[in-house]
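Written out below as structure tokens is the structure these notes cover.
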Amino acid sequence: MVPRRGVLKGAAALAAGTTATGRAVSQSRSNLPPNIPEWMKTQGATILSPPYGLPSPFEKNVIRRQRTRTPTQTAATTTTPLQDLQGIITPNGLHFERDHGGVPAIDPDQHRLMVHGLVERPLIFTMDDLTRFPSVSRLYFIECSGNGSWNVLPPATTAQESRGLLSCAEWTGVPLATVLAEAGVKPGAAWLLAEGADAAAMTRSVPIAKAMDDALLCYSQNGERLRPEQGYPLRLLLPGFEGNMSVKWLRRLKLGDQPFQTREETGQYSDLMPNGVARQFTFVMEANSIITFPSGGQRLHGPGSYEISGLAWSGRGRVTGVEVSTDGGRQWRRAALQEPVLTKCLTRFRLPWTWDGAPALLLSRSIDETGYIQPSRAKLVAVRGLNSHYHYNAIQPWQVAADGTVTYVA
Amino acid sequence: MWPRLGVGAVCAAVAVAALPATATAAPQPAYGFGRPATAQEIAGWDIDVRADGAGLPPGQGSVAAGRGVYGQKCAACHGFTGEGGPMEALVGGAGTLASAHPVKTVGSFWPYATTLFDYVRRAMPFNAPQSLSADEVYAVTAYVLFLNHLVPQDAVLDARTLPQVKMPNRNGFTSPDPRPDAP
């Protein structure tokens, strides 16, 4: 991670001993001007060391982290280090994980996709079959419906801990509609059961309209084959819908005339309202945003110029605007949106800011193409209470203290 | 990277697709990829069970038989009476859903008894999923429902009786999605 201008102020930062993201900084001056750096005095590493490249060892803290302690390490989640990333693409090794029965080790030659139920021709596809179809590549975010927290988190909470069940990639595959047309969808088919080949045989019911709209059967992610933890060799991708529905290790699609009422859409992944009734089939991830710099755990080294930067997204389409406040919401300014601004994709926003050294409360709120404005926590809790567990998309404030430390505020 | 097949088969498929429409109204496949799934192949993988009981296999299981299966395969994680342990509770929580501390269990929250069968069959026991026989799944389903006072001690469940079990929170769910609801 390249230090941001203004964050590392030479000697001041060295005295502190860390960068804004917590990376240790060498105290040695022997490689600094006027001295010749040691890495210029000898040949560097050879090519192909290693054949599949890895990040610099100095980036060893840019990693996924387990979100919360869970009874098992296979039905568990990890988060993407949003505060350490630039742009909108999540490197494949940092894509968040949500597994319900571990990551299966699947031989692609032994993997099959079965399509049956209300179809004219029940079919079985090999991976060779599926990669033979005309393909498309599209950039989409995937966000877990459990992203964000209805509970108030500790002040030391980072952007990764607050909203890190969120990643974005270029996904390549075949439109689901193309494959369903091969099987021939029968009249009356209204839902589709997607089932994974993991130890949970993860299943969700998908409305046929979504299947025919923008759903993809994906086999590649950012140019290479899916990572095992992202569903290798085949996953469903339902853009803008809650992540668990984009069933990984996809092995079966069964068309039916009603939802299948699996555990994952009844006992789990339903949203309990204050009156004790649970909302079912709440698919869309609503507009959301988070400032990734400055964010929790980072530190500003003195007053001056900074660039506030963050991510905005909406499961309903494009982000049309992001507003940022540095005074707790009294005044809002429009941030610049970095192109490309794509539907159901992360959008990077930026806003120049001169910090006067006084305490500041930073907020961001996104607006999407439907006109929806990301709500405050108070507005969201007023409607949904505190027990709905999923679909928390409230504004995330960050408190900047006079000493430059940045902490989480609910 | 998986090797792509030659283009010969594509030409054959296109040629088929270009034939004049026949008596059948259903559109023909555009590519002809994949192969027919046999009834036997489908039967082996078609493990889902719907709320109306569609998909339930032949077989049956009693509460008494389920007590044995549960003690051996489930109790270590979910507690001997379903009160919970390392993993979530399966019983209790009645009347808590509208409170400040809702307890969502099979008994207090799940709307369909068939979902319990479906989930146990596909994903339990955690260390050996899809290892139970249909009779064992019926039995352990019966036992968990018994622990929740939803079937009597002498209950025997099968494809006919399981869908008839009335779950207390059957009407506790709403759809479609009412959002956007805030602001």
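Tabulated data
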{"read-out": "For the protein assembly as shown, alpha-carbon Rg relative to the globular expectation (2.2 N^0.38 Å, N residues)", "value": "1.06"}
{"read-out": "Relative contact order, percent, segment A:288-408 [alpha-carbon distance under 8 Å, six or more residues apart]", "value": "34 percent"}
{"read-out": "Members of A:Lys210/A:Lys248; B:Lys104/B:Lys166; A:Lys248/B:Lys166; A:Lys186/A:Lys210; A:Lys210/B:Lys166; A:Lys248/A:Lys344 lying beyond 24 Å, as alpha-carbon distances in this model show", "value": "A:Lys248/B:Lys166; A:Lys210/B:Lys166"}
{"read-out": "Global form of chain B, assessed from the alpha-carbon gyration tensor, a/c cut-off 1.5", "value": "prolate"}
{"read-out": "Two-site label geometry, B:His149 and A:Asp403: point separation in nm, points 7 Å out along Cα→Cβ", "value": "5.6 nm"}
{"read-out": "Placed amide H near B:Gln60: partners under 5 Å, 5+ positions off or other chain", "value": "B:Asp135"}
{"read-out": "Radius ratio Rg over Rh of segment B:60-164, counting only Cα atoms, Kirkwood formula for Rh", "value": "0.95"}
{"read-out": "Dipole-positive endmost among A:Met285, A:Gly321, A:Leu351 within segment A:278-396 (Cβ charges, Cα centre)", "value": "A:Met285"}
{"read-out": "Segment B:60-164: relative contact order in percent, alpha carbon pairs under 8 Å with at least 6 residues between", "value": "38 percent"}
{"read-out": "Anisotropy class of segment A:28-71 from Cα gyration tensor, a/c 1.5 cut", "value": "oblate"}
{"read-out": "Relative intensity, log₁₀ I(q)/I(0), of segment B:101-145 from a Debye sum that treats every alpha carbon as a point, q = 0.32, 0.33 Å⁻¹", "value": "-1.17, -1.20"}
{"read-out": "Added length on full extension, which subtracts the Cα-Cα distance from 0.36 nm per residue, A:Glu224 to A:Trp332", "value": "34.8 nm"}
{"read-out": "Three-way shape call for segment A:225-361 based on the alpha-carbon gyration tensor, with the a/c threshold at 1.5", "value": "prolate"}
{"read-out": "Beta bridges by DSSP in chain A, antiparallel share as percent, to the nearest 5", "value": "95 percent"}
{"read-out": "Derived scalar couplings ³J(HN,Hα) [segment A:60-74; Karplus, 6.51 cos²θ - 1.76 cosθ + 1.60; whole Hz; x for Gly, Pro]", "value": "5, 8, 8, 9, 6, 9, 4, 6, 9, 5, 10, x, 10, 9, 10"}
{"read-out": "Modelled FRET efficiency - R0 30 Å, A:Ile63 with A:Asn275, Cβ distances, 0.05 increments", "value": "0.15"}
{"read-out": "For segment A:113-164: span of alpha carbons on each principal axis (Å, largest first)", "value": "56, 26, 15"}
{"read-out": "Label-zone membership for segment A:146-176, site A:Thr72, 7 angstrom Cα→C-beta point, backbone N under 15 Å", "value": "none"}
{"read-out": "Linear extension gain, A:Gln110 paired with A:Met40, 0.36 nm per residue minus alpha-carbon span", "value": "20.2 nm"}
{"read-out": "Semi-axis lengths (Å, descending) of the ellipsoid that matches the C-alpha gyration tensor of segment A:288-408", "value": "24, 18, 11"}
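Every number here is computed from the coordinates shown, using simple stated rules; none is lab data. If you're wondering where the values come from, they're calculated on a predicted model, not measured in any experiment. For neighbour counting, all protein chains shown are included, and Cβ atoms are generated from backbone atoms with ideal geometry for every residue, glycine included.
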